[in-house]
Amino acid sequence: MKIESWYTNNFEFQLTGRYITLQSIFPLLDMYKLNYEISIPGISESGKDIPLIKIGKGPKIVLGWSQMHGNESTTTKAVFDFLKFISQKNVFQSEIQLFLKNYTFYIFPILNPDGAQLYTRENANGIDLNRDAQNLSQRESRCLRDIFESLSPSLCLNLHDQRSIYGLKNGKPATVSFLAPSADKERSVTSSRKTAMQFIVKMSNTLQNYIPGQVGRYDDGFNKDCVGDTFQMAGVPTILFEAGHYEQDYQRDKTRAYIFYSLLSLFDIIEEDATQIEYKDYFKIPENLKNYNDFVLRDVKLPDYSEVVSIAVQYKEVLKNNKIAFIPVIEEIGKLDNTFGHKEENVNGREILTNSQENLTVGQNISKIFDKSDNSTIYFQ
């Protein structure tokens, strides 16, 4: 059986959408505690558990964490997809047994449970945990650091989501991006960075089978306050994963599959040994650009502009009744020649109305855009 066929029929269907909290994963943790060691090495600033799952018994120790930013849940879904795959007894059994023999994988499925509950990037105190690596001012930060120091891992996985504003020079969206963080201001290619780069090239090669031309590389500017940079400074190879946008996949239930395939590749389950890969190929992966918006309306005639312009709309994610609402906001008005839309419409110089008004302003919430002379012609809703 091909891995794609298994995944299509067996991904962790109990986790869907963008809003994933401790309450979402508790039933799964209860189920898996019979087969895996699940501990609570710390609590959040508001007293919520921070669970840690241990998978495998091998000499290669890998430490990962998801939802360090509470509103970045795609990788959490992928982690439980991976856990379900590792736990099944029907397919890929020799590969799974080899993984369990070679690796011990420790994973925090939700490092920031308060932020997950609030659907915020920061924790309950408004602190970005990924800028707290030096101060260690928060319980969540200290929990991660304590585990890092006690395990002495050979590899760390920093699992995040990126916004839908990121694309690549080829005009495609950056559906998955990676980074081997720098260990100093000079961005030196240290031994630990080389190892991280090799793994990233390996995963990127795998993803080209699924999303060709849609894998990006994050800027590697050094910031010692970031966890990845700090761990890289300590000589431990660290990989930043960024789950991005796939065509109209605003629930990120397609992108999770690409993170799942990346993990299988990383752990030698579906691809060749990473030692055969040249780390320098990392620099051939195109850099992320902020060149996308959720919707772009082209060639619009507006009262205050002498020439036709384009209008970029970006969704703002808001938690409402335990679901994420996507609120359209006007992001930019102008030529926008170097901006792509995940969805685009061209009105060929016609006048428009939005929310029954002619005047448009950046930052304005909108509900729909329609033709001024024919309100039955709706360009965006």
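Please treat every number below as a calculation from the coordinates, not as lab data. All figures in this text were calculated on a predicted structure; none of them were measured in a lab. Cβ atoms come from the backbone with ideal geometry, glycine included; neighbour counts cover every protein chain shown.
Remarks
- Identified option (computed Cα extents along the principal axes in Å; candidates (i) 67, 54, 36; (ii) 69, 47, 44; (iii) 97, 44, 42): (ii)
- Neighbour-count order for 111, 264, fewest beta carbons within 10 angstrom listed first: 264, 111
- In summary, the aspartates and glutamates within cross-link reach of residue 202, defined as a Cα separation below 15 angstrom excluding same-chain residues under 8 places away, comprise 268, 271, 272, 273, 278, 281.
- Neighbour counting of Cβ atoms within 10 Å sorts the residues 304, 49, fewest neighbours leading, into 304, 49.
- Sequence-distant contacts, meaning Cα pairs under 8 Å at least 6 residues apart, place the relative contact order of the chain at 15 percent.
- Pairs from the list 101/323; 101/194; 194/290 with a Cα-Cα gap above 29 Å: 101/323.
- Net charge contributed by nearby residues that have their C-beta within less than 12 Å of residue 222 (K/R +1, D/E -1): -2
- Each of the peptides 92-105, 179-192 was scored by the mean count of other Cβ atoms within 10 Å over its residues; in descending order, highest first, they stand as 179-192, 92-105.
- Sequence-distant aspartates and glutamates (8 or more away, or on other chains) whose Cα lies within less than 19 Å of residue 335: 294, 299, 304, 307, 344, 345, 351, 358
- For the chain, size of Cβ-based charge dipole, Lys and Arg +1, Asp and Glu -1, in debye: 700 debye
- Separation of the alpha carbons by more than 25 angstrom is noted, of 172/284; 84/316; 172/301; 48/320; 2/84, for 84/316; 172/301.
- Partners for residue 185 among aspartates and glutamates (Cα-Cα distance below 19 Å; same-chain residues under 8 apart left out): 132, 219, 220, 225, 229, 287
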